[in-house]
Amino acid sequence: MSGGGGFVRRWRGGGDGDRGTPLQGRGGRVVGAVLALTVAVGIVAFLIGKGVSTPGQQAARARAPKGSLLTAPVIRTHARTTVVLRGTLTDGNAISVGAPGDLSGDLAVVTAVSTARGAQVNDGSVIGAVAGRPVFVMRGQIPAYSTMSYGSTGIEVSELQAGLESAGFFIGTDSPGVYGAGTAAAVTDFYERVDYAPETAVAIVKTSSAKHKTRPEHFATVPLGEVMFTPSLPVTVVAVAHLGQTISSSKPLAKLGSGRFSFQATTDANTASLLRVGATGRATSDLSKGSFAIRLSAKKAAFVPGAGPGSKLTLSPANPGAAARYVGQNMALHILTGQAGGLQWVVPVSAVVTNASGASSVTIVHGTRQVAVPVRAGLAYAGHEVVRPMAGGLVAGEQVVIGLGGSG
């Protein structure tokens, strides 16, 4: 150390590593380090604070968000879909063809079948044979009531003569309603054409000879039951016996259709409300998968067991000839709805709520209010359901509640 007033520099004592470091320079570094540490601690504290919440905050986060209404518009439209019912095709006025009246003690066994179910028959058509004797049909309003032979008269003879002429046979000069030689000759020709020999009977006829004024002759006859008169022709065979079957009153040789075939079916009131007279569809056989067109021809209110008030439906084939072979079959009836201009109220299926008592309703949104509208639920199709308001309360386009959704 030197004397005088010169500048004196201080040095920190210590090890060799500290030798020569000024105190002023080290103080700046310490301050920087402290600031950095403070910032780091603050960041860590902030991050920790973000992940910490009170029990109340945790419960609030776990609570489900407030729901919002999901709605859909009410639609007024044609409910065009298919209703499937079942019914048996019947002929309400079928004509039974029995066996000939006089079989001379032979059993009434079917020995020939000359037609088939669904076939059309006309004047002179042969249905079949019983105990070797033929049975044929002709047009006539009055059933044959006796054996017709030479000398017979009456309306049944007139019907026989008309049938023979319609089938192409000439009755000569016989007067209408009088069974004479010309009619007998036509009967002989007819039987021979269908390969059967006619029954004959002896009759005494006048001659032109002066020596013999009368003489016996054999004439063809038509035994009772061998001709079946039916009011209209042609008709369709709806049933026919099989070879070897014994004919009786409950098992006729054949049944001829009247052409008035129909199905009878029942349904509940809601489904019936979708169907209008004139609606069309198809009837399908479970056995053959064959089908034919049908039409809803009548509908009337009826009580349906198990369903309460409903309707009885009558459906008719569009073409009776195509339906004849299905008489007696229970078939599936597919009927298209909404064809006669009937507009229906339609809502999503989820909008219809049914309570424990079975009453149904939909809820309509009016601003902040919700109004329950009682309805009858009808046919459901393609995610929608037809409803019928019990006392009004629906307007096309207004919103109906279909459920609750999250708030997002």
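Each reported figure results from applying straightforward, stated rules to the coordinates on display, with no laboratory input. Keep in mind that this is a model prediction, so the values were computed, not measured. Cβ coordinates were reconstructed from backbone atoms using ideal geometry, including for glycine residues, and neighbour counts include every protein chain displayed.
Here are some notes:
- Per-residue Cβ neighbour counts within 10 Å put 202, 121 in the sequence 202, 121, beginning with the fewest.
- Working from label points 7 Å from Cα in the Cα-to-Cβ sense, the residue 250 to residue 78 distance is 5.0 nm.
- Here the 3J(HN,Hα) profile of region 244-254, calculated from phi with Karplus coefficients 6.51, -1.76 and 1.60 at θ = phi - 60°, is x, 6, 8, 7, 8, 5, 8, 10, x, 5, 7 Hz, Gly and Pro shown as x.
- Nonlocal amide H pairs with residue 318, under 5 Å, H built at 1.01 Å: 293, 294, 295
- Counting every other Cβ atom within 10 Å of each residue's Cβ, 398, 159 order from fewest to most as 398, 159.
- Integer Hz, Karplus 6.51/-1.76/1.60 couplings in order for region 134-148, x for Gly and Pro: x, 10, 10, 10, 9, 6, x, 8, 10, x, 5, 10, 7, 6, 9
- Estimated FRET transfer efficiency when R0 is 56 angstrom, pair residue 111-residue 368 (beta carbons, to 0.05): 0.05
- Straightening the chain between residue 242 and residue 260 buys 4.0 nm, computed as 0.36 nm per residue apart minus the Cα-Cα spacing.
- In order through region 91-100: 3J(HN,Hα) via Karplus (6.51 cos²θ - 1.76 cosθ + 1.60), integer Hz, x for Gly, Pro: 10, x, 9, 5, 9, 8, 9, x, 8, x
- With R₀ fixed at 25 Å, the C-beta to C-beta distance from residue 153 to residue 120 puts the FRET efficiency at about 0.20.
- According to the Cα-based calculation, Rg over Rh for region 121-235 is 0.99, with Rh computed by the Kirkwood formula.
- Amide H within-cut-off set for residue 81, under 5 Å, with H built and near neighbours excluded: 337
- A Förster radius of 56 Å, combined with the Cβ-Cβ distance separating residue 349 from residue 162, puts the computed FRET efficiency at roughly 0.30.
- Extension gain, residue 96-residue 68: 0.36 nm per intervening residue step, less the Cα-Cα distance, totals 3.0 nm.
- Inter-label distance, nm, simple model (7 Å from Cα along the C-beta direction), residue 207/residue 282: 7.2 nm
- Full-extension gain in nm, residue 303 to residue 395, via 0.36 nm per residue minus C-alpha separation: 30.0 nm
- Around the amide H of residue 298, modelled in the peptide plane, lie the amide H atoms of 314, all under 5 Å away and 5 or more residues distant in sequence or on another chain.
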